[in-house]
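Asker: Before anything else, here's the structure in question.
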Amino acid sequence: MKTSSNKSIGIKEIAERANVSIGPVDKVLHNRGGVSKATRERILQAIKDLGYTPNILASRLKSSRDYTIAVLIPEATEIIPFWLAHNTGFEEALKEVSPFGINISILTFEQNNEASFKLRVDEVLHDGYDGIFMVPVFYDETIRLLQHYKDLNVPVIFFDSNIPGLSNLSFIGNNSKDSGYLAANLLDYTISKKGDILIASIERKEDNHIQFSAREEGFLTYFKNTGRRILRFTDNTGNEQTISKGISAIFNDNPHLEGIFVVNGIDKIAAAVTPAQKCNYRMIGYDLIEKNIQLLKNGAIDFLISQQPQKQAYQGIKLFYDYLILKKPIAPSYYLPLDIVMKANIDYYRFL
């Protein structure tokens, strides 16, 4: 049974709950050694059982030192506004962890510019940080950063995008392969058994092709050996006229097209479809951003898979609190729920 959060808490109350003396509690709360693993676990469990959030405990439980986490994240632009949504999560997390001495330094870079990413990596290597929370957009520079901080025993956590097999401590975000499988499952339910499906993607050389490939792999896994006809359209120009021409040609040549799975760039694919064509298919893709929300409300898009950027940011920073302050072990991956958003429930997701 949890104690009311209105009651003042101190070392004495925690010690009583853990059935230990005040001394070990003080050492655990101030991140000092000299406490056995079993005793530490009892004390941490007592704090949890008392039902207090970190910000309530902060005035008495602050770490004996400060930690600064470098956040490497692409800058939000008019073309790629997705990254703006993370800010809410960072702000909420800081309300809880900053009293413990955890701060963040946000370093943005141009998403499709390796030179911009390299400059930020140089800064992180030069300035020195107690943790790195990053989107690993460029492989070689990510490896350079990981090698440097591995020698210093500094935790590095990836978010949004993952590169398997590297030495990062953990990853938080969606499981890309499973999200593709989910999209296929949903389309299979909403179109006829004889309908054709198009896999469409807007890609540039610098994009995260590992993530896109995983989405497509999951999608194709669902339809393996089903006999469903799968078409493909990939554009690497970003030109609206070129995309529109390509999409129109596919519709003209494939009268049984009933489903479209957009791996990346759903706003551009949706804009290329005429109202008459839209009556004959269902479209599903990614990114709960403002322009996609409007397309969802207007009926141009049927389903969006939410990547929950706010939760990525919030829970990711909390992982550093668990690791640096509470000394908890961190799992290799933290996959967020795969939420399907549609016109009927969009208003419940706008501000999450």
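Asker: Give the peptides 326-338, 116-128 in descending order of average Cβ contacts within 10 Å, highest first.
Answerer: For the peptides 326-338, 116-128, the packing ranking is 116-128, 326-338.
Asker: Hey, another quick one. What net charge is computed for the residues neighbouring Phe320, neighbours being all others with C-beta under 13 Å from the C-beta of Phe320, Lys and Arg scored +1, Asp and Glu -1?
Answerer: -1
Asker: Run down the aspartates and glutamates and flag those whose C-alpha is under 18 Å from the C-alpha of Lys48, throwing out any fewer than 8 positions away in its chain.
Answerer: The qualifying aspartates and glutamates are Glu13, Glu16, Asp26, Glu96, Asp322.
Asker: Right, another one. For Asp151 and Leu231, calculate 0.36 nm times their separation in residues minus their Cα-Cα distance, and state this gained length in nm to one decimal.
Answerer: The span from Asp151 to Leu231 would gain 24.1 nm if fully extended.
Asker: Amide H of Tyr334 versus every other amide H placed in the peptide plane: which residues, excluding those fewer than 5 positions away on the same chain, fall under 5 Å?
Answerer: Phe171, Ile172, Gly173
Asker: Which order do peptides 92-99, 69-76, 270-277 fall in by mean Cβ count within 10 Å, highest first?
Answerer: The peptides rank, most packed first, as 69-76, 92-99, 270-277.
Asker: Oh, and also: Can you find, among Ser192, Ser244, Asn264, the residue sitting farthest towards the positive end of the charge dipole of the range 176-306, where Lys and Arg contribute +1 and Asp and Glu -1 at Cβ?
Answerer: The residue sitting farthest along the positive end of the dipole is Ser192.
Asker: Still on this structure, I have one more. Which entries of Lys268/Lys328; Lys245/Lys297; Lys12/Lys318; Lys245/Lys311 have Cα-Cα distances beyond 32 Å here?
Answerer: Flagged as over cut-off: Lys268/Lys328; Lys245/Lys311.
Asker: With unit charges on the beta carbon (Lys/Arg positive, Asp/Glu negative), name the residue among Ala214, Asn162, Ala18 whose Cα is farthest towards the positive pole of the charge dipole of the chain.
Answerer: The residue sitting farthest along the positive end of the dipole is Ala18.
Asker: Here is a further query. Which value, in debye to the nearest 20, describes the size of the charge dipole of the chain about its Cα centre when Lys and Arg Cβ atoms bear +1, Asp and Glu Cβ atoms bear -1, and nothing else is charged?
Answerer: 1320
Asker: Tell me which label goes with the value of Cα extents along the principal axes in Å computed from the coordinates here: [x] 77, 47, 36; [y] 60, 53, 37; [z] 74, 48, 44.
Answerer: Among [x] 77, 47, 36; [y] 60, 53, 37; [z] 74, 48, 44, the one derived from this structure is [x].
Asker: Same structure again: For the range 190-319, give the magnitude of the charge dipole about the Cα centre (Cβ charges: +1 Lys/Arg, -1 Asp/Glu; no others), in debye to the nearest 20.
Answerer: Computed charge dipole of the range 190-319: roughly 360 debye.
Asker: Under a GNM of the chain (C-alpha, springs under 10 Å), which listed residue has the highest mean-square fluctuation: Asn252, Asn264, Asn87?
Answerer: Asn252
Asker: Roughly how many debye, to the nearest 20, is the charge dipole of the range 44-200 about its Cα centre, given +1 on each Lys and Arg Cβ, -1 on each Asp and Glu Cβ, and no other charges?
Answerer: In total the dipole reaches around 540 debye.
Asker: Further question on the same structure: Going by average Cβ density within 10 Å per residue, which order do the peptides 185-192, 341-348 take, highest to lowest? Display every interim value, and only then the final one.
Answerer: Numbers: 185-192: 15.9, 341-348: 12.9.
Most protected by this proxy first, the peptides run 185-192, 341-348.
Asker: Next up: Could you work out the relative contact order of the chain, using alpha carbon pairs under 8 angstrom and six or more residues apart, expressed as a whole percent?
Answerer: 16
Asker: How large is the helix-only mean residue ellipticity at 222 nm for the chain, computed as the sum of -39500 (n - 2.57) over DSSP H runs with n ≥ 4, divided by its residue count, in deg cm²/dmol to the nearest 500?
Answerer: Per the formula, -13500 deg cm²/dmol.
Read-outs: derived from the displayed coordinates by stated rules, not from any lab. Values in this document were obtained by computation on a predicted structure and should not be read as measured data. Cβ: placed from backbone, ideal geometry, glycine included. Neighbour counts: every protein chain shown.
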